[in-house]
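Notes follow once the structure below has been shown.
The values are calculated or read from the model by the stated rules, or taken from the named source; none is laboratory data. If you're wondering where the values come from, they're calculated on a predicted model, not measured in any experiment. Using ideal geometry, Cβ is built from the backbone for each residue, glycine included, and neighbour counts are taken over all protein chains shown.
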Amino acid sequence: MISLDEILRHPDHRRFSFILCYPHPMDSEVSSRIRELQSLGVEALVFRGRANLHGVPVLGKGHVGVVVVALRGGRECALKIRRVDADRGSMRKEVEMLRGANRVSVGPRLLGYTDNFILMELVEGKNLREWLREAQGEGVRWTLRGLLERCRRLDVAGIDHGELSRAHRHVIITPPGEARIIDFETASTSRRVSNVTSIAHYLFFHRENSQILQRILGQMDLQVLRSKLKEYKKELTDERFREILTLTYLLNGK
């Protein structure tokens, strides 16, 4: 952990500055960004996670930002830092998408933002692929139904996440078994929504995932399921959604 006041004075400050202004740090920009963080109430940064940037562990790195743990009021939060070479000049579009998702109880809770930062609830657990490989028992049904219902709420809200065909990067299963959708940087309200259909294809038509889930939930008629997903995409009704839950044994089991 390093406090914001210590970053520029730290003997190894270049590495920390690199995270704040990845991938081209400049002292003037680092100082400006530290002031932005202070305006959000951030007190310190905590460097841990699976990804690694110049020897500094972080939670994640993408085309738009780097995600680290931040402390605010003594509590850990997730902080997304805009890359200086990002294809956008601010994080405001992503903030609007996350705020819309929060209105239907989806996504990490938004805590604050500036042009260069998004401060949000820290969601920790296993990514969806890891969780599926270890999945067993009746809790699987509860977790996956919750995931599809969150996707349904996004569909109804008119927000297309845009990345759920690669759900292992964007869905985290928390220790209680709750599926949380994260990372709304490519989300849009101008595209046709495909959250339910994308997650269903990832879960039930990806060969490895399908084998795991059919072993746990029961054998499914994938041809009929594919047809019902097409019907759902045309109508987006509650009735069509219930048909998908029924066919995948997530509504009442087999």
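When residue 48 is tested against (1) part of a loop (DSSP other than H, G, I, E, B); (2) among the charged types (D, E, K, R); (3) over 24 Å from the mean Cα position of the chain (by Cα), only condition (3) is not met. Exactly one residue out of 200, 135, 167, 157 is closer than 20 Å to residue 108 by Cβ, buried (at least 19 other Cβ atoms within 10 Å of the Cβ) and not assigned by TED's automatic domain parsing to the domain that holds residue 113, and it is 167.
Among the numbered criteria (1) under 29 Å from residue 157 (Cα atoms); (2) surrounded by fewer than 18 Cβ atoms within 10 Å (Cβ to Cβ); (3) at pLDDT 95 or above, which single criterion is violated by residue 38? Of everything listed in (1) under 29 Å from residue 157 (Cα atoms); (2) surrounded by fewer than 18 Cβ atoms within 10 Å (Cβ to Cβ); (3) at pLDDT 95 or above, residue 38 misses just condition (1). Within the stretch 111-132, the set of residues being buried (at least 18 other Cβ atoms within 10 Å of the Cβ) and either aromatic (Phe, Trp, Tyr) or assigned to a strand (DSSP E or B) (or both) comprises 111, 113, 117, 118, 119, 120, 131. Put simply, of 63, 54 the only residue that is within 19 Å of residue 169 (Cβ to Cβ), surrounded by fewer than 17 Cβ atoms within 10 Å (Cβ to Cβ) and in contact (Cβ under 8 Å) with a residue 12 or more places away in the chain is 63.
Yes or no: residue 194 under 30 Å from residue 92 (Cβ atoms), among the polar types (S, T, N, Q) and touching a residue at least 40 places away in the same chain (Cβ under 8 Å)? Give the steps one after another, and end with the answer.
Numbers: under 30 Å from residue 92 (Cβ atoms): yes; among the polar types (S, T, N, Q): yes; touching a residue at least 40 places away in the same chain (Cβ under 8 Å): no.
Judged against the criteria, residue 194 is not a match.
Would you please name the residue that is nearest to residue 115 (Cα to Cα), looking only at residues in the stretch 23-79 that are among the basic types (Lys, Arg) and touching a Gly at 6+ places or on another chain (Cβ under 9 Å)? Here the answer is 72. Looking at the stretch 177-188, can you tell me whether even one residue there is free of Cβ contacts under 8 Å to residues at least 12 places away in the same chain and outside the structural domain of residue 60 (by TED's automatic domain parsing)? No, the conditions are met nowhere in the stretch 177-188.
Looking across the stretch 146-159 at every residue that is out of contact with any strand residue (DSSP E or B) (no Cβ under 9 Å at 6 or more places or on another chain) and of a type in the set (Lys, Arg), the one that is farthest from residue 208 (Cα to Cα) is identified as 153. Scanning for something over 20 Å from the mean Cα position of the chain (by Cα), surrounded by fewer than 13 Cβ atoms within 10 Å (Cβ to Cβ) and farther than 19 Å from residue 59 by Cα, does the stretch 171-187 turn up at least one residue? Checking the stretch 171-187: not a single residue is over 20 Å from the mean Cα position of the chain (by Cα), surrounded by fewer than 13 Cβ atoms within 10 Å (Cβ to Cβ) and farther than 19 Å from residue 59 by Cα. Scanning the stretch 95-110 for residues that are among the polar types (S, T, N, Q) and in a helix (DSSP H, G or I) returns a single hit, 102.
Candidates are the residues of the stretch 1-51 that are in contact with a strand residue (DSSP E or B) (Cβ under 7 Å, 6 or more places away or on another chain) and free of Cβ contacts under 8 Å to residues at least 24 places away in the same chain; the one that is farthest from residue 111 (Cα to Cα) is 10. Scanning the stretch 51-94 for residues that are among the basic types (Lys, Arg) and part of a strand (DSSP E or B) yields a count of 5.
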